[in-house]
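Comments concern the structure below.
Derivation of every value follows stated rules applied to the coordinates shown; laboratory data play no part. The structure presented is a predicted model; accordingly, all values stated were derived computationally and were not measured. Cβ coordinates were reconstructed from backbone atoms using ideal geometry, including for glycine residues, and neighbour counts include every protein chain displayed.
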Amino acid sequence: MTHNNIALHNVTETENLPDGGLILRRYPANIRQSLSMLGKMVAEDSAGMELRFVTDAPCFRISLGSMPSFLSPWEQHGQEITILRGAFVHSIHRLEPGRINHINVTNFSGSDPFLDFTEKDSPHSGFSPKVWRIFLGRCANIYYGLESFGHAVRPPTEGEVPCLRWLAYGSSITNGASASLHLNSYVYHAARIAGLDVRNMGLSGSCHCEPEVAEFLGAQEDCGVFTLEVGVNMRTSVEPDDFRERVVRLLGKVHRADRSVFLITVYPNYSSGELEKRQHAFSDILREIHASGNWPGLGLIEGGSVLDSPGDLTTDMIHPSDYGHARMGRNIGDILRHALSSKASGTKAG
């Protein structure tokens, strides 16, 4: 989706406000309305959305707003956004909810030597340093405009961003909970390693594989890689047989010969009693679905091979720390890179 020559990455719907603002939505309204009460709220956040554009302006002003986060109390005071040039971090800014935040950006790295040097990174990250990326966080963001002071602005072209898109569906861990900055979430570390462009469709506490969500995800034609991190959010409310039906229904919508689809078993966490039994049962069901042969080319990623140390968790013993997200990103990035490389060369991944 584009708006005034700016690419709106991971945005599927926009809403106009009376004050001229544009609310950016990951999930459209009809899908949000089908979710649980928490899911309706979580689906409004801007996790992994980006405003992407190219300009030769030596400075510009980006105007943004945000609605209060549903997260921890201290995050009600604002969300941080990251501005990047390609894969290079330029600056970090905190948005104050309830007002228009005008952020002045100086292109202090706009000299030819910078571009000459950083263009060498493009084959590794997939992003040209000519591309400005306004990377948004886990609150509902509002776009008010870009002032380029007379300089032309255009969306990135083919070759300036990674060519293969990865749709990551899952729980709060995929959504980026507990990462100090959303850009620190494991999916973005992994995408850098595997050369992918992430569309983060995680739903904190509300990844329930509803029929409407399955239909919506399957219709995302721009994505060639799908990871489905499912199970942990359903362990208190869904029986194993129902879980199996939900996963099979989801696969029926997203699985295709021209896509690379991976199931991810439940990431290790501290649990006991019925919760522990339930999540082990869910992971076994995912293994059985993968082994059935009913879904040619379907991949399986063991959560324990991604989050492979208890020390990678925070004190809640379920969400990763920043260090944990980085390690997870390295692990799953290597898995995806190897699997996609093997598929491209026509060999079977190990």
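For this structure, a couple of remarks:
- Ranked packing of 217-223, 248-254, 328-334, most packed first, by mean Cβ within 10 Å: 328-334, 248-254, 217-223
- Helix-only mean residue ellipticity at 222 nm for the chain, each DSSP H run of n ≥ 4 adding -39500 (n - 2.57), per residue, nearest 500: -8500 deg cm²/dmol
- Here the chain is assigned +1 on the Cβ of each Lys and Arg and -1 on the Cβ of each Asp and Glu. Its dipole about the Cα centre then comes out at about 320 debye.
- Highest mean packing comes first when the peptides 47-54, 4-11, 255-262 are listed by Cβ atoms within 10 Å, giving 47-54, 4-11, 255-262.
- In terms of distances greater than 32 angstrom between alpha carbons, the cross-link table entries Lys277/Lys343; Lys130/Lys253; Lys40/Lys120; Lys40/Lys277; Lys120/Lys253 yield Lys277/Lys343; Lys130/Lys253; Lys40/Lys120; Lys120/Lys253.
- Cα gyration tensor, the stretch 250-350 - rounded (a/c under 1.5), prolate or oblate: oblate
- For the chain, the share of DSSP beta bridges that are antiparallel, to the nearest 5, is 70%.
- Mean projected area of the Cα convex hull of the stretch 2-154, taken over all directions, amounts to 9.8 nm².
- Loop-resident chymotrypsin sites (Phe, Trp or Tyr not before Pro) (DSSP state other than H, G, I, E or B) in the stretch 146-177 with no more than 16 further Cβ atoms inside 10 Å of their Cβ: Phe149.
- Exposure proxy ranking for Asp45, Asp312, based on other Cβ atoms within 10 angstrom of each Cβ and starting from the fewest, stands as Asp312, Asp45.
- With θ taken as phi - 60° and the Karplus curve 6.51 cos²θ - 1.76 cosθ + 1.60 applied, the whole-hertz 3J(HN,Hα) list for the stretch 208-224 is 10, 6, 4, x, 5, 5, 4, 4, 5, 4, x, 8, 7, 6, 7, 10, x Hz, x standing for glycine and proline.
- Over the stretch 137-279, the pair-distance histogram of Cα-Cα distances with 10 Å bins from zero comes to 10, 35, 33, 15, 5, 2, 0 percent, rounded to whole numbers.
- The stretch 175-247: C-alpha gyration tensor shape, a/c 1.5 cut-off, then a/b vs b/c: oblate
- Each principal axis of the Cα cloud of the chain was evaluated for its coordinate range; sorted largest first, these ranges are 60, 46, 37 Å.
- Near Arg327: Cβ cut-off under 12 Å, other residues only, Lys/Arg at +1 and Asp/Glu at -1. The net charge is -3.
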